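To start, the structure itself, in structure tokens.
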Amino acid sequence: MSEPIKLVIDVISDVVCPWCFIGSKRLESALAMAEGVEATIHWRPYQLDATIPPAGLPRREYMLAKFDSEERLREIHATVEGLGEVEGIRFNFDAIETSPNTLDAHRLIRWAGSPKSPPGAQGIVVKRLFELFFEEARDIGDRSVLVEAAGDAGMDTALVEALLSSNADVDAVKSEIETIAQMGVRGVPCFLLEGKFALMGAQDPETLADAIKKVAEAKARGELDAPQTA
């Protein structure tokens, strides 16, 4: 039996983006289809709206201002809810009270990806933040909720609480977000394969799996020398 081809996938997302939640589920399905590929996933930060204050904004008023009408908002939610149900997601939009600033959430995701954190912690934290916000209608701008998510991933909650109370990695996360913008990423999710092939949007599992397999095969042949777009 041949050794699996190792692939690095950077997922650029925001944890208040419903399409990113859907995209994360579709990526799981795609990886199950991509036999012979062993993927390492890194979650990278993006903020849909960095202007939201640290305490967040009332969700209903914020979304109505963004989408102009109640009817338009209902249409969007209905579409996303239907797609989410296919992926096993139960979106609970009506129960969400606060639109949070996600800078602290991205700091937590960064720490979860540190070698000092338990193996797999970053993926667990991202999954829990999606679930907490979209399914459980929790405020993921609230630091106590972030500490709870860290605990679910086996992280040191006392350390996370102390770090959140400081300015640790604020500049680093903002710098990474800026670098991603300079790369031309204007929407999420974005799947970056081996740092060279970019797929934008919540692609269906088959499309993702096909791209993953093609990039893995190209890597196995030693052909990944020039940046390209999948």
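The values are calculated or read from the model by the stated rules, or taken from the named source; none is laboratory data. Note that the coordinates shown come from a computational prediction; the quantities given were computed from them, not determined experimentally. Here the Cβ positions follow ideal geometry from the backbone for every residue, glycine too, while neighbour counts run over all protein chains shown. All accessible areas refer to the heavy atoms of the entire protein, side chains included, with ligands and DNA or RNA removed. Shrake-Rupley method; radii C 1.70, N 1.55, O 1.52, S 1.80 Å.
Things to note:
Residue-by-condition table, conditions (1) part of a helix (DSSP H, G or I); (2) at pLDDT 95 or above; (3) open to solvent by 20 Å² or more (accessible area, probe 1.4 Å); (4) at negative phi:
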| residue | (1), (2), (3), (4) |
| --- | --- |
| 141 | no, yes, no, yes |
| 147 | yes, yes, yes, yes |
| 151 | yes, yes, yes, yes |
| 176 | yes, yes, yes, yes |
| 198 | no, yes, yes, yes |
| 202 | no, yes, yes, yes |
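- Screening residue 206 with (1) surrounded by 14 or more Cβ atoms within 10 Å (Cβ to Cβ); (2) touching a residue at least 60 places away in the same chain (Cβ under 8 Å); (3) part of a helix (DSSP H, G or I) gives one miss only, at (1).
- Being at pLDDT 95 or above, buried (at least 18 other Cβ atoms within 10 Å of the Cβ) and farther than 22 Å from residue 147 by Cβ is a property that holds for residue 25.
- If the condition is being over 23 Å from residue 180 (Cβ atoms), surrounded by 13 or more Cβ atoms within 10 Å (Cβ to Cβ) and among the acidic types (Asp, Glu), then the stretch 47-100 contributes 81, 87.
- Here residue 89 fulfils each of the conditions (1) in contact (Cβ under 8 Å) with a residue 60 or more places away in the chain; (2) assigned to a helix (DSSP H, G or I); (3) in contact with a Lys or Arg (Cβ under 7 Å, 6 or more places away or on another chain) apart from (2).
- Members of the stretch 101-111 found to be surrounded by fewer than 22 Cβ atoms within 10 Å (Cβ to Cβ) and either on the phi > 0 side of the Ramachandran plot or not in a helix (DSSP H, G or I) (or both), listed by number: 101
- Number of residues in the stretch 153-174 that are open to solvent by 50 Å² or more (accessible area, probe 1.4 Å) and among the β-branched types (Val, Ile, Thr) equals 1.
- Only listed residue being among the aromatic types (Phe, Trp, Tyr) and more than 15 Å from the chain's Cα centre (by Cα), chosen from 134, 197, 191: 197
- Filtered residue count, the stretch 1-22, keeping only those that are surrounded by 14 or more Cβ atoms within 10 Å (Cβ to Cβ) and modelled with pLDDT under 95: 0
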